[in-house]
Structures are given as structure tokens and as C-alpha cells.
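Working notes for the structure below.
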Amino acid sequence: MLRRKMLRDIKANFAQFFSIMLLSLIAMWCYTGFQANVIGGNQARTDFENSSNFADGWIYGADFDEKQAKKIADISGINDIQRRTEVLGKADETYNTAEMYCYFQDSADVTVPRTVDGADFDTDDENGLWLFSRFAETWGIKVGDKFTVHVMGLDIEKEVKGLIVTPEYEFACASTDTDTDFHNIGFAYLSQKALPEEMRINNEIIFTCDGKALDYEDKIAKALDDNYAYLADRNSIRGWYQLSDELAQH
């Protein structure tokens, strides 16, 4: 009897019933769609960072030598380390004098750039340069083209050997912009051999670790006898935390 009454009520109020069902389905579809975007984005991001051996910590200083790097590597819980030279330079006026973050390295063990086109990053190739793929696409720069970075008073012209991406720049925005414009922001990886020997100054040690990077600060300070500027984790890296904040809002 109740079943027949329910069917009569549905038939009598079919328009309202159908509208409610349709709106419920649309609401559920929107919700699952938004959540799938966030969940899928987070998973893709995690896979990208793991495959790149993305750094957990950044130690900044004046010039780290191999002995200091070994002391950091010997700390229990710290896994991989990488010395490098990070310098903010600029591109030619042809490319809006774009901000160009340059990384000069003699090895690639931590935060390994992923190749989008061309050859993989080769730390022994002093004639090559590996350029941020989004910057290159925006300006129509291809593998094999010549590109110049102006950094530390040097004009370094190299052949673009590959187009790359890295977890450090999942978000990229120039200091002069309020929103992302890849005309004005880029980064490049080069061999340290591209620099004169006296300018090969490793002002960073990046590392991976178990747990939180900042939990190692006391041990790092002791290992380096406090001879460093400061220690940062991923939450201090704008190219990473900006995307994290965006995803957290959804």
C-alpha cells in the first residue's frame, strides 16, 4: 500500500521530483569533478616530485666546500645532498630582459630537472644550457637555438640542449608581475664548467631527508660550525608553496 502511495505521489509531483533529482545529480557531479581535479593534481605532483628527487631542505651560505657537504651528508636521516650555485640573472632585451634564475651544478642528484624536449641535463657539458620549457614555448625558443644569460657580470651564450621543468617552479611569477607571465620569468640549468673557475662558488646545499627538514637545524648548525646563512624547507620556496596554497583552497 505504501509503495502504491509513493508511486502515486511521484506521478502527481513528477516535475518537482525530477527537478530535485536532476539538481542533486548536477551537484554531485560538480563536487566529484572538483575533488577529482585536486586529488589527481596532488597525485601527479607527488609523482613528479618523487621522480625528480625533490629537495626537502635548502642551506644557504657564502661558499660550501666538499668537506662541509660531506658533514651534512653524514648526518643521520639526511639522504642525498647537492651543492650548487644559484644566481638571479636576466635574459636579453629581446626577451623582455626576463628574470632568469641560473643554476650551475657539477652533479645532478637532488631536484633533477625533467626533460620535456631535447637531451637530459649533462653537468659535464660546458657548451649547453637547459631552459625552462614554458619560457621557451612562450618565446618560440627551440632546442638547438642560442640563448644568452647575463649573470654575475658575464654574458653567457650557450646552445639550448634541452627544455626542462622542475618542482621548484611548479608556480612561476616574476617579481614585477602580479600574475604568471612566462614572458618575464624563466630558469636555466648549466654546468659549473660554464663559469670561470674562480666564480664556481657553491652558495647552496640542497638535500633530501627523513621527516621535516627544519628538525635537522641544530645538527646542521653543529656540522657547519654555524657557518651558513639560513636553512629553509619547501614552505619557503615560492615556486612550491604557492601551488600548495592554491590546492589547499579547493
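Within the span defined as the stretch 208-231, one or more residues are in the same structural domain as D65 (by TED's automatic domain parsing), of a type in the set (G, A, S), surrounded by fewer than 17 Cβ atoms within 10 Å (Cβ to Cβ) and under 21 Å from the mean Cα position of the chain (by Cα). Report whether or not K142 is part of a helix (DSSP H, G or I) and touching a helix residue (DSSP H, G or I) at 6+ places or on another chain (Cβ under 9 Å). For K142, the condition - part of a helix (DSSP H, G or I) and touching a helix residue (DSSP H, G or I) at 6+ places or on another chain (Cβ under 9 Å) - is not met.
Scan the stretch 177-195 for residues that are without any contact (Cβ under 8 Å) to a residue 12 or more places away in the chain and not acidic (D, E) and the total you get is 2.
Within the stretch 178-198, the set of residues being part of a helix (DSSP H, G or I) and in contact with a Gly (Cβ under 9 Å, 6 or more places away or on another chain) comprises A194 only. Does any residue of the stretch 7-15 turn out to be loosely packed, with under 10 Cβ neighbours inside 10 Å, over 30 Å from A229 (Cβ atoms), of a type outside the set (S, T, N, Q) and at pLDDT below 80? Yes, the conditions are met somewhere in the stretch 7-15. Taken residue by residue, the stretch 211-228 has no member that is in contact (Cβ under 8 Å) with a residue 60 or more places away in the chain and in a strand (DSSP E or B).
Test E157 against the stated conditions and say whether it is over 16 Å from the mean Cα position of the chain (by Cα) and at pLDDT 95 or above. So E157 passes the test. Listed conditions (1) modelled with pLDDT under 95; (2) of a type in the set (D, E); (3) touching a strand residue (DSSP E or B) at 6+ places or on another chain (Cβ under 7 Å) are all met by D179, apart from (3). Filtering A55, A62, A108 for residues that are of a type in the set (G, A, S), under 26 Å from K142 (Cα atoms) and in a loop (DSSP other than H, G, I, E, B) leaves a single hit, A108. When N235 is tested against (1) over 18 Å from D109 (Cβ atoms); (2) part of a helix (DSSP H, G or I); (3) in contact (Cβ under 8 Å) with a residue 60 or more places away in the chain; (4) within 18 Å of the chain's Cα centre (by Cα), exactly one condition is not met: (3). Looking only at the stretch 160-176, which residues are assigned to a loop (DSSP other than H, G, I, E, B) and either outside the structural domain of V116 (by TED's automatic domain parsing) or modelled with pLDDT of 95 or more (or both)? Listed by number, the list holds a single entry, T166. Taken over the stretch 130-159, the criterion of being without any contact (Cβ under 8 Å) to a residue 40 or more places away in the chain and among the charged types (D, E, K, R) is satisfied by K142, D145, K146, D155, E157, K158, E159.
The single residue among T94, T85 that is in the same structural domain as A108 (by TED's automatic domain parsing), at pLDDT 80 or above and not in a helix (DSSP H, G or I) turns out to be T85.
The values are calculated or read from the model by the stated rules, or taken from the named source; none is laboratory data. As the structure is a prediction and not an experimental result, all values here were calculated from the model. Don't worry about glycine lacking a Cβ; one is built from the backbone with ideal geometry, like all the others, and counts go over all protein chains shown.
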